[in-house]
Amino acid sequence: KAIAHYEEAAKRTEEDMGYGASNAVYLRLLYIHNYPFVNDRDKAYWIKQSENLCNLHIAEIKKNIDKSSWDWASLLSLQIALQSFDEAKKTFESYLKTLSAEMDVDLDDLKKGNVFDRQIYISLKQNIHLLSLVSDNLEKDTAKVFGIFEKFSIVFESVRSGKVGLALSGGGFRAALYHLGLLYRLAETDELRHIEAISTVS
């Protein structure tokens, strides 16, 4: 159903600007890779459909000169899905440049990860995961496309290790102090960003 909704959005090419298309392609590739019962004929058909969708929306985005960071992010996903890694590298550079202007922060600070925006994290995570579905050499291709962002390896490791959850026990004031110390240490060692779910009691 999610794929169908994104594909429906992608039909309105000019309005969609690659957003629905890139998500439809990502979910379709995810589906193909995670469900072994998909037969070869359907797999080949869906891959071809995804390629057509990518090419159609790449052309539409490139027609629009005044791109927002989200347009660059969509273009990036479409290029990665087509394994156009050289083009994707240039697009990621433009994405960071546009985002730094939108956020009014220094581009070098953004590249170094000194300003780690949630949008960058989400975009990196989905695109690195997308890379894992199409790349023959994930580590090399990830470094090629995202190497300009100094802390891309943190997100890469997060994608490779999968989702991480943190469970905190009850125990009143003493437990709360312990948990604060734990969270502080996770933040200090830059591990807190990997936590995607927190479960607590009391």
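If you go through the stretch 61-73 and pick out every residue that is over 17 Å from residue 127 (Cβ atoms) and either modelled with pLDDT of 90 or more or open to solvent by 90 Å² or more (accessible area, probe 1.4 Å) (or both), you end up with 4. None of 145, 105 is part of a helix (DSSP H, G or I) and at pLDDT 90 or above except 145.
Given the condition closer than 23 Å to residue 25 by Cα, open to solvent by less than 60 Å² (accessible area, probe 1.4 Å) and basic (Lys, Arg), answer yes or no: does some residue in the stretch 128-149 qualify? Within the stretch 128-149, none of the residues are closer than 23 Å to residue 25 by Cα, open to solvent by less than 60 Å² (accessible area, probe 1.4 Å) and basic (Lys, Arg).
Within the stretch 164-183, being part of a helix (DSSP H, G or I) and more than 25 Å from residue 124 (Cα to Cα) holds for 172, 173, 174, 175, 176, 177, 178, 179, 180, 181, 182. Just one of the listed residues (153, 202) is part of a loop (DSSP other than H, G, I, E, B) and of a type outside the set (Lys, Arg), namely 202.
Per the conditions (1) part of a helix (DSSP H, G or I); (2) at pLDDT below 90, the sole criterion not satisfied by residue 115 is (1).
Restricting the first member to the stretch 143-169 and to residues that are over 17 Å from residue 85 (Cβ atoms), and the second to residues that are outside any helix (DSSP H, G or I) and charged (D, E, K, R), the beta-carbon pairs closer than 8 Å and six or more apart or on different chains are 154/190; 163/196; 164/196; 165/196.
Yes/no matrix, rows are residues, columns are (1) farther than 25 Å from residue 137 by Cα; (2) touching a strand residue (DSSP E or B) at 6+ places or on another chain (Cβ under 8 Å); (3) assigned to a helix (DSSP H, G or I):
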{"position": "23", "(1), (2), (3)": "no, no, yes"}
{"position": "41", "(1), (2), (3)": "yes, no, yes"}
{"position": "67", "(1), (2), (3)": "yes, no, no"}
{"position": "75", "(1), (2), (3)": "no, no, yes"}
{"position": "86", "(1), (2), (3)": "no, no, yes"}
{"position": "89", "(1), (2), (3)": "no, no, yes"}
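The residue list 167, 175 contains one member that is open to solvent by 30 Å² or more (accessible area, probe 1.4 Å) and at negative phi, which is 167. For the stretch 1-53, a residue qualifies if it is hydrophobic (A, V, I, L, M, F, W, C) and crowded, with 18+ Cβ neighbours inside 10 Å, and the qualifying residues are 10, 17, 21, 24, 25, 29, 53. Of the numbered criteria (1) under 22 Å from residue 190 (Cβ atoms); (2) exposed (fewer than 15 other Cβ atoms within 10 Å of the Cβ), the one residue 96 fails is (2).
The residues of the stretch 1-29 that are at pLDDT 90 or above and among the aliphatic types (A, V, I, L, M), listed by number, are 2, 3, 4, 9, 10, 21, 24, 25, 27, 29.
The values are calculated or read from the model by the stated rules, or taken from the named source; none is laboratory data. Note that the structure is a prediction, hence the values are computed from the model and not measured. Glycine gets a Cβ as well: all are built from the backbone with ideal geometry, and neighbour counts include every protein chain shown. The area values use the complete protein model at the heavy-atom level, side chains included, leaving out ligands, DNA and RNA. Shrake-Rupley method; radii C 1.70, N 1.55, O 1.52, S 1.80 Å.
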